[in-house]
Amino acid sequence: MQFSKIFLALMASSTLVLTGCGGSSSGSDSENPGTPSAGDNNPGNDESGDNTSGDNTSGDNSPGDSSTGDDSSANLPQTSWSTPESLADGSVTVNNLHLSGAANKPILLYSNGGQLMAREFDGSNWDSGTQFGSYSGVSNTTLATNANGKAVVADTYMNRNAWTHYTECHIRYFRYDGTNWLNYHFRPRSLTQSGADYSCNNIDNLLVDLSDDGRVSLSFWRTDNNTGRLLSCDGSDSCLTTNTTPATSVGAKEIVSLGSANDGDSQILLLDSDDASSFSSSLYMSTLTDGVLGSQSVLPGSSGATGTGAATMAVNDANHALVLYIDGNTLESSFNNGAGFAASVNLDTNLSASAPIRNYLSSGADYGLSIWEKNNSLFTSISDAGSFGSATQNTNSHSYITGATGTINDNGKAVIVWVGYDDAPAGSSVSAGTLYSRFYDGSQWLAVQTIDSGINVENYQIIKGGLGVYLDNSDDVTVAYTAYKDGQANNEPQLFFSRRVID
């Protein structure tokens, strides 16, 4: 089951928009280095192997009518959001904030003082959290959950090899068994360069997903040799490739979405990287069966003739998938009911090729939510299998929006959240933003609600921030976000949360 990527640091879109691939060059494929890997046989190093202890703490395919009207049900009563509460000061320094859930329990991942922290909400309170082992240069954090209440966290970190004295980049993951985070991590990948340092800046777009049988799938892009890579390890952490041999290559295509289903079945969405700078790429689909890559095929309707700019995909437990992408300046979506992707449906036109887009598919059903931004307005479409609803434009009383995200559950209920703001006052780069939400009750969007206000927004982004939302199958919603507010005593943004709980 895919946890749809929420947001990159500074509220970049979770949708990958390819504008060319760069990065430092190592001059070689350093996944098979031929030199000792840091800590594999070196007890003096803080990385002592792959199990090092951490610091445990068939729808009708009919297109929507492209309506842009706001169908706000302003007179309908609805549940209020709780007063935002601060969870931590100085909470976000480098890494992303992620919010997901397992078995209706919200799980929050963020960085705190150089440590990666996971916290769980029991319905009344957040626990004190689990801190993962600290290493230099931790980045690319990502989180996924499955239908069995389990989770996995993956990241990259840099470490100096005590034998070679050169810096290496490692990919690792931690497992959550439904009750506790296990006090060790598994490291399926070590990347080095012979005779030189190898930086994790060469690793981009690390994705992770967790199938219901416990298989961990990871993918990443190597900017130093323009190659997409795929990793897979089963529930007992036995991987298809060893730590020091090259991961499965998908060539000069970048995996832009990765989704896992039951029994090790998965799907991936790939985008040509060679032509991405001109947005003339095609979209390719492929399956994974127990981590083994299937054949690649062009997504119907994505010919590359006009160019695909941005794309994203969600996969549910039945291995059904919903794809959202921009072809030229047209927003297209396609649904796969297990028998292959249907012809694409046009959801909107006149979009920028790099417009932020996101989509979500409920875990145990085929309800879908698509979100996109156009002309500083936020649009949504609800789908059920291959049947797509018309576009709804959400009221925006501000000049700009940022950070929009959302989710949909197995009851067909959905929620979106975003920050609206105006230009900063003269002589300042900072303006005050307002955090909004809107709830879909299964048949209509209810009125826009305000969660919080007075959020400092700098240069079109939430300062060092993150924003995540989780909707469980009880229809309760949790939102977590970072915000710097005037008058606070510290110099870093605070971590806040709020809840919308159905009585």
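The values are calculated or read from the model by the stated rules, or taken from the named source; none is laboratory data. The model shown is predicted, which means the values in this text are computed figures rather than measured ones. We place every Cβ from the backbone using ideal geometry, glycine too, and count neighbours over all the protein chains shown. Side chains included, ligands, DNA and RNA excluded: accessible areas come from the protein's heavy atoms. Shrake-Rupley method; radii C 1.70, N 1.55, O 1.52, S 1.80 Å.
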Can you check what the net charge comes to around Leu87, using other residues whose Cβ is under 15 Å from the Cβ of Leu87 (Lys, Arg +1; Asp, Glu -1)?
-4
How much length is gained if the chain between His165 and Ser136 is pulled fully straight, taking 0.36 nm per residue apart and subtracting their Cα-Cα distance, in nm to one decimal?
9.0 nm
Measure off 7 Å from each Cα along the Cα-to-Cβ vector at Thr349 and Ala196, then give the distance between these two points in nanometres to one decimal.
5.0
Let me check something: with ligands and nucleic acids excluded, how do Glu458, Glu85 order by accessible area (1.4 Å probe), largest to smallest?
Glu85, Glu458
Val298-Tyr400 pseudo-label distance in nm [points 7 Å out on the Cα-to-Cβ vector]
3.8
Might you work out the accessible area of Ser453 for me, using a 1.4 Å probe with all protein chains in place, and round it to the nearest 10 Å²?
60
Run the numbers for Asn180 and Asp89: contour at 0.36 nm per residue of separation, minus the present Cα-Cα distance, in nm.
30.3 nm
Gyration tensor verdict on the stretch 102-199 (Cα atoms; rounded if a/c is under 1.5, prolate if a/b is larger than b/c, oblate otherwise):
prolate
Met285, Met158, ranked by accessible area, largest first (probe 1.4 Å)
Met158, Met285
Can you sort Asp366, Asp122, Asp177 by solvent-accessible area, 1.4 Å probe, largest first?
Asp122, Asp177, Asp366
Global geometry of the stretch 201-276, whether rounded, prolate or oblate, following the gyration tensor of its Cα atoms and the 1.5 cut on a/c
oblate
Exposure of Arg175 as accessible area (Å², to 10), given a probe of 1.4 Å and all protein chains:
30
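If the limit is 29 Å between Cα atoms, which of Lys253/Lys374; Lys374/Lys413; Lys105/Lys253; Lys150/Lys374 go over it?
Lys105/Lys253; Lys150/Lys374, as the Cα separations exceed 29 Å there.
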Probe 1.4 Å, all protein chains in place: accessible area of Tyr173 in Å², nearest 10?
0
Within 10 Å, Cβ to Cβ, of Ser399, how many net charges do the neighbouring residues add up to if Lys/Arg are +1 and Asp/Glu are -1?
-2
Rounded if a/c is under 1.5, else prolate if a/b is larger than b/c, else oblate: which is the stretch 365-439, with a ≥ b ≥ c the root eigenvalues of its Cα gyration tensor?
prolate
